[in-house]
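Trainee: One structure follows; several queries about it will come next.
The values are calculated or read from the model by the stated rules, or taken from the named source; none is laboratory data. Everything numeric in this text was worked out from a predicted model, so none of it was measured. Here the Cβ positions follow ideal geometry from the backbone for every residue, glycine too, while neighbour counts run over all protein chains shown. Please note that ligands, DNA and RNA were not included when accessible areas were found on the heavy atoms of the full protein model with its side chains. Shrake-Rupley method; radii C 1.70, N 1.55, O 1.52, S 1.80 Å.
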Amino acid sequence: MRYLLIVIAVVSFSFANEFYAKLEPIESYEIKASVSGKIIFSNKNIEGKKSNNSKIIEIDSYVDRIDLEQSLKKLEAMNEMIELQNTNYERLMKIKSKSGYEKDNQKINVVNLQINKADILINIANLRDSIKNKKLIEKNYYIYNIAVNEGDYVTPGTLLYEAKDLSKGKLEIYVPILDIESIKNKDIYLDGEKTDLKISKIYDVADSKHISSYKVEIIVTNPKQFSRLIKIEFK
């Protein structure tokens with residue numbers, strides 16, 4: 001009977017240190033629109049491939065570009081006006097016969113022009129940001145899903161596409177709290193083969209679904225295939 005109990009204990013320990021998880025990309029992203037506009041380009045050909053500095057989505061920015069062009073012209077004219085009014089103010093300050101009221105009014109003119117210039121600069125910055133956010137280019141991510149088509153109208157928050165970083169893989173398992181200490185210094189085996197991998201992160205708060213377990217994360221370098229089920233053992 002005692003022998004049987006020992007066998008059961010050993011088997012239970014073995015199962016406690018064996019887990020299964022899907023190998024997933026290190027990061028997954030949902031790219032959402034930050035501006036409103038009509039989709040004028042949707043690169044459906046890149047879906048399911050590495051992006052390689054490709055344009056993925058473009059939102060119409062024609063009006064923004066016209067507005068930016070005109071705002072830059074306004075800024076140039078405003079600078080000339082400020083320079084002229086400053087010159088007039090300096091001249092007034094040298095004329096003793098001019099009253100303080102006239103001099104103050106001229107100074108107010110200069111200040112008002114500077115306020116108007118600040119508003120133009122803010123508008124230019126907003127337009128440049130809007131134009132930039134309407135052309136989305138990805139360097140080297142895997143484009144998993146493109147959610148919009150040419151002709152669609154999007155608003156801020158609309159999902160445009162999903163991208164994944166395939167440079168590394170991630171395994172997430174849920175280990176009973178009482179077993180955490182026992183696995184920290186053990187070797188990690190994947191599908192029966194010993195690896196030099198280490199636990200990258202242990203979340204020291206019980207998971208909301210697995211209420212008696214901590215989430216454990218293992219980072220896998222140079223993964224060959226994603227989304228496959230892997231057996232993880234600690235020995």
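Trainee: First select every other residue whose beta carbon is under 15 angstrom from the beta carbon of residue 158; then total the charges, Lys and Arg +1, Asp and Glu -1. Let's see the in-between values first.
Mentor: On the way: positive: 32, 38, 134; negative: 30, 58, 60, 150, 152, 162.
Overall, the nearby charge balance is -3.
Trainee: In addition: In a shell of Cβ-Cβ distance under 12 Å around residue 226, excluding residue 226 itself, what net charge do Lys and Arg (+1) and Asp and Glu (-1) give?
Mentor: +4
Trainee: I need the Kirkwood Rh of segment 105-178: take the reciprocal of the average 1/r across all distinct C-alpha pairs and report it in angstrom.
Mentor: 17.7
Trainee: So for 234, 226, what's the accessible-area order with a 1.4 Å probe, most first? Kindly include the intermediate steps, with their values, before the conclusion.
Mentor: Working: 234 10, 226 50 Å².
Order by accessible area, largest first: 226, 234.
Trainee: Below 8 Å between Cα atoms, with a sequence gap of 6+, how large is the relative contact order for segment 36-105 in percent?
Mentor: Here the relative contact order equals 24 percent.
Trainee: Defining a contact as two alpha carbons under 8 Å apart and six or more residues distant in sequence, what relative contact order in percent does the chain show?
Mentor: Details: 393 pairs, mean separation 78.0, N = 235.
Averaging sequence separation for qualifying contacts and normalising by length gives 33 percent for the chain.
Trainee: Distance between Cα centroids, segment 80-121 to segment 155-181: provide it in whole Å.
Mentor: After rounding, the separation between the Cα centres reads 59 Å.
Trainee: Let me have the 222 nm mean residue ellipticity of the chain computed from DSSP H runs of 4+ only, each contributing -39500 (n - 2.57), with the sum over all residues rounded to the nearest 500.
Mentor: For the chain, the value works out to -12500 deg cm²/dmol.
Trainee: Can you give me the angle between helix 100-133 and the longest principal axis of the chain, using Cα atoms only, in degrees from 0 to 90, rounded to the nearest 10?
Mentor: Compared with the principal axis, the helix lies near 30 degrees.
Trainee: Pairing the Cα long axis of helix 2-16 with the longest principal axis of the chain, what angle in degrees results, from 0 to 90 and rounded to the nearest 10?
Mentor: 20
Trainee: Which option, [x] 1.09; [y] 0.96; [z] 1.80, is the value of Cα Rg over 2.2 N^0.38 Å that was calculated from these coordinates?
Mentor: Correct label is [z].
Trainee: Moving on to the next point. Given the whole protein assembly as supplied and a 1.4 Å probe, what does the accessible area of residue 65 come to in Å², nearest 10?
Mentor: 120
Trainee: Still on this structure: Counting only protein chains, not ligands or nucleic acids, how are 35, 154 ordered by accessible area (probe 1.4 Å), most first?
Mentor: Reading off the accessible areas and sorting them downward yields 35, 154.
Trainee: What's the angle, to the nearest 10 degrees (0 to 90), between helix 62-94's Cα axis and the longest principal axis of the chain?
Mentor: Long axis of 62-94 versus the principal axis of the chain: about 50 degrees.
Trainee: Using a cut-off of 10 Å between beta-carbons, work out the net charge of the residues near residue 143 (Lys and Arg +1, Asp and Glu -1, residue 143 not included).
Mentor: +1
Trainee: State which entries of 50/198; 50/168; 22/139; 168/231; 168/198; 50/224 exceed 20 angstrom in Cα-Cα distance in the structure shown.
Mentor: Over 20 Å apart, Cα to Cα: 50/198; 22/139.
Trainee: Moving to a separate point now. Mean separation of Cα pairs under 8 Å and 6+ residues apart, divided by the residue count of segment 131-174: what relative contact order is that in percent? Could the numbers behind the result be given before it?
Mentor: Values: 28 pairs, mean separation 18.1, N = 44.
Relative contact order of segment 131-174: 41 percent.
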